[in-house]
1. Find all pairs meeting these conditions: Cβ atoms under 6 angstrom apart; at least six residues apart or on different chains; first residue within region 298-326 and assigned by TED's automatic domain parsing to the domain that holds VAL219; second residue of a type in the set (A, V, I, L, M, F, W, C) and loosely packed, with under 12 Cβ neighbours inside 10 Å.
2. With the requirement that a residue be in a helix (DSSP H, G or I) and surrounded by 14 or more Cβ atoms within 10 Å (Cβ to Cβ), what does region 11-25 give you?
3. What are the residues in region 191-236 that are among the aliphatic types (A, V, I, L, M), at pLDDT 80 or above and more than 30 Å from LEU15 (Cα to Cα), if any?
4. Looking for something hydrophobic (A, V, I, L, M, F, W, C) and under 15 Å from ILE247 (Cα atoms) - is there at least one such residue anywhere in region 298-309?
5. Does region 253-286 hold any residues that are assigned to a strand (DSSP E or B) and either closer than 16 Å to GLN310 by Cα or modelled with pLDDT of 85 or more (or both), and which are they?
6. Search region 287-316 for residues being of a type in the set (Gly, Ala, Ser), under 26 Å from VAL217 (Cα atoms) and exposed (fewer than 15 other Cβ atoms within 10 Å of the Cβ), and hand back the single one that is modelled with the lowest pLDDT.
7. Of all residues in region 238-252, which are modelled with pLDDT of 85 or more and assigned to a loop (DSSP other than H, G, I, E, B)?
Amino acid sequence: MKEKSTDQKVLAQYLLGELSKVERSEIAERYFRDDDLFDELLEVERELIDKCARGSLSEKDQEALKHYLANLPDGQERLAVARALTQISDEEKERAQQFLDDYLPASVSCWQSLLKSPSKRAATLQYVMIAGLVVMLFGFLFLLSQVRQLRRDRDQLRAQLASLESEKQSLEERERILRSDAGPERIRQLEEQLKLEQQANEAQAQHLAGLQPTMPVVVSWTLTSSLRSSGNPDKVTLPQSAKFISITLPVENVSQVSSSRAIIQTTAGEQRREITGLRANKTGDSVSLKLPASYFIQTSYKLTLVRKDQDNVELSQDFYFTVTRR
């Protein structure tokens, strides 16, 4: 128990930016490998947000926590929800107090009233219980509305992801049809379109990399499968502060992932490394693998995904990308 309390104190210092660069790196590596520690970090984060909403943090800690939340996609929304819960709680307390004042005479103290009339004491306790139930009911209704809103937002995001995935599949199918039927001019146009999409992905990756906090980060790359007639690899940016790299590869048959392996090497054939134990993502259309950032240098790489089909025949899929450090 003492060790857990110490860990929570260190995690709070980590979130508030009070640790040295070496200590932050050590904690980042620990919660990257340990799911329990990552859950504990989220718990400490929730406690700090709740204290900030209630105003129980020092001014220095509040500024540090706001700076940390500014680097999270939903940081401001989570702080706003915590403050709303605090405000609704105070409002319901005032309503309960007003409810009690309406039933107790102002000229006689509540203690004198209870001592003089035992029956009135029972009625007063009943009113107090009713007021408490009213407060609990309003709080429950507010939480229920927040949960429903979050679920609606989640369903909308899922629908958008499904729409984007359907559009992606439609474009890929159209590309296959055009490649089989169209001439070289149409193929050139498709390659130009793919090049523009890769440039947009590169610009977005650079923008996201610039928004990363100064503390150690985990950088995510999503690679696109290479076309045989195209020589344009994906371009990815690796910040100096990155410690780990998460690479996502789109696949068509996720059921065969357990028997697959990935081979990564430079296009010159150096730094060859084979990775097994790949896992499918929750969306069911891709797999991911993790590598330390120190493995990559500023050069071009080839990543080959090797799988076996139902007839136990090995199939390979190549992904090319160029790493730029900054």
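The values are calculated or read from the model by the stated rules, or taken from the named source; none is laboratory data. Small disclaimer: the values here were computed from a predicted structure and weren't measured. Heads up, the Cβs are rebuilt from the backbone with ideal geometry, glycines too, and the neighbour counts pull from every protein chain shown.
1. none
2. Hits for region 11-25 are LEU11, ALA12, GLN13, TYR14, LEU15, ARG24, SER25.
3. LEU194, LEU196, ALA200, LEU223
4. Taking every residue of region 298-309 in turn, at least one turns out to be hydrophobic (A, V, I, L, M, F, W, C) and under 15 Å from ILE247 (Cα atoms).
5. Matches in region 253-286: ARG261, ALA262, ILE263, ILE264, GLN265, THR266, ARG273, GLU274, ILE275.
6. SER294
7. Within region 238-252, just PRO239 meets the criteria.
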